[in-house]
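One structure is given below, encoded as structure tokens.
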Amino acid sequence: MDLTAPYLPDLESIPAGLDLPAEIRRLKAERKAVILGHYYQEPEIQDLADFVGDSLQLSQQAAKTAADVIAFCGVHFMAETAKILNPTKTVVIPDMDAGCSLADRCPADHFAEWLKQYPDHDVVSYINCSAGVKALSTVICTSSNAERVVNSLPKDRKLVFAPDRHLGKWVMKQTGRDMVLFPGFCIVHEQFTAKRLAALKAQHPEAKLIAHPECDATVSQLADFVGSTAALLNYVEKDRAKAFIVATEAGILHQMRLRRPEAELIPAPADSGCNCSLCPYMKLNSLEKLYLCLRDLKPEIHLEESLRVQALKPLERMLALG
Ligand code: 13P
Ligand code: SF4
């Protein structure tokens, strides 16, 4: 497959009037497939998934699945992680172009050059990176376990954290460890600003502000709670506040609504004035494309074996931490 050309799903081959959810369920059984979905997926995809979770939970599910086929409704690095863990399984993704600004802006060759400045450092890489970057890393982390992963490394080791500088800064604050930060960021979370959110908080004094650690430090400081998508969901479920301002991708609101239907959920606005904060990559996936990937078993994730083996080591090190 030519990865430089845009992925063009054969949408016209889908018969008119097809009951897509029913067909997806039928194909899933026929293929012995499991559908894994991230919290940022469209609600109709989340509702069809066998498991919906954050990056850590989804990689744990991928590591233990007995299915023959993994249909990964998330972005490319997530499906690629599933393939690293399951070389003999077929891993498909509804849209091959579902990338991630963090992963895409940290190509492995560039990262290898950048790392030459820090030859005596251990490398902690956020799971939002390519297999090539994983292969250059000591250990992988997600936003759920980054503190635990960093704390697991000997205190006398010098550390590099990549590719998200905001998560890295947040982890430095939580652990008290100094780290060299790769200057990457997420285009969705970068749009939230403390100024706009402080004004929104003033309008909704009853609401708690909750934020993903990919947000800028000024937003994290203002927030009542900072955590991964799963942690934010858990917080909304357990905390008795009647309203929440949610500073992460708005797809998570679907599960929040299911668990706290009576709570007011206010998606944090981007500073540009737009009131929605949607990840353009996550939203490339659709029910039609999920149907096609289960029907045709493509687009499929392929990985060169030597790269897979190198990328597996730091990933297994993370998974071993629980
Ligand atoms: P989580 O691991 O918190 O689900 O985050 C994934 C992600 O891409 C956040 O933008
Ligand atoms: Fe990547 Fe940001 Fe989209 Fe998450 S929200 S997948 S970090 S671009």
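The values are calculated or read from the model by the stated rules, or taken from the named source; none is laboratory data. None of the values given here were measured: they were computed from a predicted structure. As a convention, Cβ positions derive from the backbone with ideal geometry for all residues, glycine included, and neighbour counts pool all protein chains shown. Remember, those area values only see protein heavy atoms, side chains included, never the ligands or the DNA or RNA. Shrake-Rupley method; radii C 1.70, N 1.55, O 1.52, S 1.80 Å.
Structure data summary
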quantity	calculated
Furthest towards positive pole of dipole, Thr175, Tyr281, Tyr291, structure part segment 157-307, Cβ charges	Thr175
11 Å beta-carbon shell around Leu278, net charge (K/R +1, D/E -1)	-1
Normalised per residue, the volume of the convex hull around the Cα set of segment 97-249 (Å³)	114
Long pairs among Lys83/Lys173; Lys83/Lys238; Lys89/Lys238; Lys195/Lys238; Lys208/Lys283, criterion Cα-Cα beyond 30 Å	Lys83/Lys173; Lys83/Lys238; Lys89/Lys238
Rounded percent of accessible protein surface that carbon and sulfur make up, the chain, 1.4 Å probe	53
Reachable aspartates and glutamates, given that their alpha-carbon falls under 15 Å from the alpha-carbon of Lys155 and they are not under 8 places away in the same chain	Asp120, Asp122, Glu147, Asp178
Share of alpha-carbon pairs per 10 Å distance bin for segment 39-125, given as whole %	15, 42, 28, 13, 2
Interchain or long-range residues, amide H under 5 Å from Asp97's placed H	Tyr7
12 Å beta-carbon shell around Asn128, net charge (K/R +1, D/E -1)	-3
Probe 1.4 Å, protein heavy atoms only - accessible area per residue of the chain in square angstrom	43
Reachable lysines from Lys289, criterion Cα separation under 19 angstrom, eight or more residues apart if same chain	Lys28, Lys32, Lys298
Space enclosed by the convex hull of the alpha-carbon atoms of segment 121-175, per residue, Å³	67
Rounded to 5, the percent of DSSP beta bridges in the chain classed as antiparallel	5
Probe 1.4 Å - accessible area at Glu305, Å² to nearest ten	100
Kirkwood estimate for segment 176-322, i.e. one over the average of 1/r between Cα atoms, Å	17.8
Anchor Lys242: aspartates and glutamates whose Cα lies under 17 Å away (excluding residues fewer than 8 positions away in-chain)	Glu206, Asp224, Glu262, Glu264
The chain, Cα convex hull volume normalised per residue, Å³	142
